[in-house]
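Structure first, commentary second.
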Amino acid sequence: MSEPAISIRNLSKIFGKQAKKMLPLVHQGMDKETLLTRHDHAIGLQGINLDVEAGEIFVIMGLSGSGKSTLIRHFNRLIEPTEGQIDIKGTDITTLSRKQLEVFRQQHLSMVFQRFALLPHRNVLDNVAYGLEIQRIPKEQRLEKASYWLDRVGLTGYDRQYPNQLSGGQQQRVGLARALCTDADILLMDEAFSALDPLIRAEMQLQLKQLQKQLHKTIIFITHDLDEAITLGDRIAILKDGCLIQQGTPQQILQHPADDYVAAFVQHVRPDALHKAS
Ligand SMILES: Nc1ncnc2c1ncn2[C@@H]1O[C@H](COP(=O)(O)OP(=O)(O)OP(=O)(O)O)[C@@H](O)[C@H]1O
Ligand SMILES: [Mg+2]
C-alpha cells in the first residue's frame with residue numbers, strides 16, 4: 001500500500017502558557033474540565049493518531065468544541081502542536097522552518113474557510129488568482145488559470161464582480177476555485193459549507209464530489225453534520241473532547257457506533273444519506 005498523504009502520531013495540543021508542563025497530568029488521565037478549573041489550561045487535542053490516504057475525502061466530525069478546527073489547523077501548522085508528529089507526504093512538518101513551511105504550504109496545501117475569507121477589494125478573478133500571485137506566477141498565466149477554475153465551479157462570467165455582489169453560495173464557489181487554482185494536492189475544508197442554506201449546501205456537496213471524481217485530491221472536510229459526513233466521506237473520524245473516538249467508513253459508523261456519543265449522531269441521520277453517498 002502506498003504511503004498515506006497525512007500521518008498524525010500522538011498529537012496533543014494544550015492551550016495555555018505552560019502547555020508542555022501540563023502534558024504529564026493529561027497523560028495521567030486528568031480530564032478537560034479538571035485541567036481547566038485547576039490549572040487554567042484547555043485540552044484541545046489528546047493523543048491523536050490517524051492516517052489519511054492520498055485521494056480520499058476524509059471527514060472529521062464532532063460537536064462544537066470537540067477539537068475539529070484545532071486538528072485541521074495542525075495540518076498546515078496554523079497551530080503548533082504541544083507534542084506529536086505531523087507527516088505530510090513523508091515530511092514531518094513540525095521540523096520545517098517558517099520559510100520552508102511557507103513553500104511547503106504553497107506546494108501542497110490549500111484551505112477553504114467557513115466564512116469564505118475573500119479579499120473584498122479584489123474582484124472575483126483576482127481573488128481566485130491570489131495564491132498564484134503569491135507564488136509570483138506571471139499575470140497573464142495566473143488570470144488564465146483563475147478563469148479556468150471559475151468556469152469549473154460554475155461561475156463563468158463573474159470575473160469582474162466583487163465578493164459583496166455575490167450570494168453566499170457563489171462566494172464559497174470562489175473560495176473553492178481559489179483553493180483549486182494553486183494545484184495543491186491537499187485541500188483543507190473547515191465547515192466550508194456550514195454557512196450555506198440547505199439547498200445550496202446540497203448543491204455544493206454534489207459539485208465537490210463531481211470535481212473530486214476527476215481531480216483525486218486528498219480532502220480533509222470538517223463538519224458537525226453526519227448527513228454531510230456520510231454524503232462526502234470515504235472515511236469519517238469522530239472527535240469528542242479532543243479525543244478521536246471512532247474512525248471508519250460511513251457504513252461502519254452507521255452500523256457499529258463506538259459509543260453513545262456516536263450513536264446520538266447516527267440517530268439523526270436522514271434515511272437516504274447513505275444512498276445519496278453512493
Ligand atoms: N486559542 C485557544 N485558546 C484556548 N483554548 C482554545 C483555543 N482554541 C481552541 N481552544 C479550545 O479547544 C477546544 C476545541 O476547539 P475547536 O475550535 O477546535 O473546536 P471545534 O470542534 O472546531 O468547534 P466548532 O464546531 O464550534 O467550530 C475548545 O474547548 C476550545 O475552548
Ligand atoms: Mg471549528
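Key figures for this structure:
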| read-out | value |
| --- | --- |
| Among the residues listed as LEU274, LEU244, the single one being open to solvent by 40 Å² or more (accessible area, probe 1.4 Å) and at pLDDT below 90 | LEU274 |
| Residue match in region 59-75 (condition: more than 13 Å from ligand 1 (Cβ to nearest atom) and of a type outside the set (Val, Ile, Thr)) | no |
| Selection from region 35-69 of residues that are basic (Lys, Arg) and in contact (Cβ under 8 Å) with a residue 40 or more places away in the chain | LYS68 |
| Residue check for ALA202: within 16 Å of ligand 1 (Cβ to nearest atom) and farther than 22 Å from ALA237 by Cβ | no |
| 3 or more residues over 15 Å from the mean Cα position of the chain (by Cα) and crowded, with 17+ Cβ neighbours inside 10 Å: qualifying helices (runs of 4 or more DSSP H) within region 12-126 | 19-27 |
| Number of the exception - SER7 against (1) out of contact with any Pro (no Cβ under 7 Å at 6 or more places or on another chain); (2) within 16 Å of ligand 1 (Cβ to nearest atom); (3) open to solvent by 10 Å² or more (accessible area, probe 1.4 Å) | (2) |
| Contacts under 8 angstrom Cβ, first residue in region 141-152 being loosely packed, with under 13 Cβ neighbours inside 10 Å, partner assigned to a helix (DSSP H, G or I), 6 or more apart | GLN141/LEU132 |
| Of residues in region 160-179 being open to solvent by 20 Å² or more (accessible area, probe 1.4 Å) and either closer than 23 Å to GLU53 by Cα or not in a loop (DSSP other than H, G, I, E, B) (or both), the one farthest from ligand 1 (Cβ to nearest atom) | GLN165 |
| Qualifying positions in region 3-60 - in contact with a strand residue (DSSP E or B) (Cβ under 8 Å, 6 or more places away or on another chain), within 30 Å of GLN212 (Cα to Cα) and charged (D, E, K, R) | ARG9, ASP51, GLU53, GLU56 |
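The values are calculated or read from the model by the stated rules, or taken from the named source; none is laboratory data. These numbers come from a predicted model, not from an experiment. Positions of Cβ are backbone-derived with ideal geometry, glycine not excepted, and every protein chain shown enters the neighbour counts. These area figures cover heavy atoms from the full protein model, side chains too; ligands, DNA and RNA do not enter into them. Shrake-Rupley method; radii C 1.70, N 1.55, O 1.52, S 1.80 Å.
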